[in-house]
Amino acid sequence: GLLIYSFFGGGLFLSMFLPWQPWVCMLILLIVTIIYTAEAGFLGVVVTDLFQMLIVVFAAIFIAVMALTKLQGYEGTLSDLAQQVTGNLNWTSSLPSLHTEMPAGYEQFSGLLFVTLFYLAKTIIQGLGVGGEPKYFGARSDRECGLLSFLCGWLMSIRWFLMIGFVILGLFLVQEQFQDKGV
């Protein structure tokens with residue numbers, strides 16, 4: 001089901017750029033994926049993962065540098081900017097709260113802690129190791145499994161810079177583009 005959902009989302013995305021219906025784009029994406037996987041085999045999947053990793057690392061560095069450049073030109077602090085844009089005085093607090101102040105029209109997102117607790121319960125029930133096991137089955141030794149875990153840990157930590165960069169750039173975008181909306 002998750003695989004079909006991914007292809008459907010990819011088809012919707014491609015239909016925004018291509019002159020075809022979403023289901024046609026989904027079908028093309030599915031056929032290309034099947035042919036590629038059958039022709040390339042496991043080595044092709046590994047090379048593709050490596051290529052995707054390089055793209056994510058490059059994007060994380062690029063977005064982080066863009067965000068730092070924006071912050072250097074800003075006279076206030078990031079906390080002040082977040083509070084100004086969101087209208088939430090606790091926006092930069094790391095402590096979870098039961099209720100979050102949200103702007104008008106976004107009140108349904110004020111109970112974010114409950115969604116987080118639901119996701120935590122789902123993860124506990126499902127298990128922490130869902131999704132990445134096939135990579136370990138391709139390793140030749142216990143040492144390679146350890147190196148793979150080490151690499152995956154570092155690569156996941158690099159994605160935090162990407163997410164933080166998106167948050168900073170998003171705050172500046174809202175401040176610059178939507179000043180007249182008010183919070």
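The values are calculated or read from the model by the stated rules, or taken from the named source; none is laboratory data. Values in this document were obtained by computation on a predicted structure and should not be read as measured data. A quick note on method: Cβ atoms are made from the backbone with ideal geometry, for glycine too, and the neighbour counts reach across all protein chains shown. To get the accessible areas, we keep the full protein, side chains included, count just its heavy atoms, and leave off ligands, DNA and RNA. Shrake-Rupley method; radii C 1.70, N 1.55, O 1.52, S 1.80 Å.
Things to note:
- Apart from one condition, I31 fits all of (1) under 22 Å from G10 (Cα atoms); (2) open to solvent by less than 80 Å² (accessible area, probe 1.4 Å); the exception is (2).
- Scanning the range 47-73 for residues that are surrounded by 15 or more Cβ atoms within 10 Å (Cβ to Cβ) and of a type in the set (D, E, K, R) returns a single hit, K70.
- All positions within the range 156-166 that are open to solvent by 40 Å² or more (accessible area, probe 1.4 Å) and touching a residue at least 12 places away in the same chain (Cβ under 8 Å): I158, R159, F161, I164, F166
- Residue in the range 108-115 that is of a type in the set (A, V, I, L, M), surrounded by 10 or more Cβ atoms within 10 Å (Cβ to Cβ) and touching a Pro at 6+ places or on another chain (Cβ under 8 Å) present: yes
- Selection status of K122, over 30 Å from L2 (Cβ atoms) and out of contact with any Ser or Thr (no Cβ under 7 Å at 6 or more places or on another chain): no
- Among the residues of the range 85-94, those that are closer than 24 Å to L162 by Cβ and either surrounded by fewer than 15 Cβ atoms within 10 Å (Cβ to Cβ) or basic (K, R) (or both) comprise T92, S93, S94.
- Condition met for G11 (surrounded by 14 or more Cβ atoms within 10 Å (Cβ to Cβ) and of a type in the set (G, A, S)): yes
- All conditions but one from (1) over 25 Å from the mean Cα position of the chain (by Cα); (2) at pLDDT below 85; (3) not basic (K, R) apply to W20; the one that does not is (2).
- Exclusive hit being exposed (fewer than 14 other Cβ atoms within 10 Å of the Cβ), farther than 21 Å from L162 by Cβ and modelled with pLDDT under 80, set G76, G44: G44
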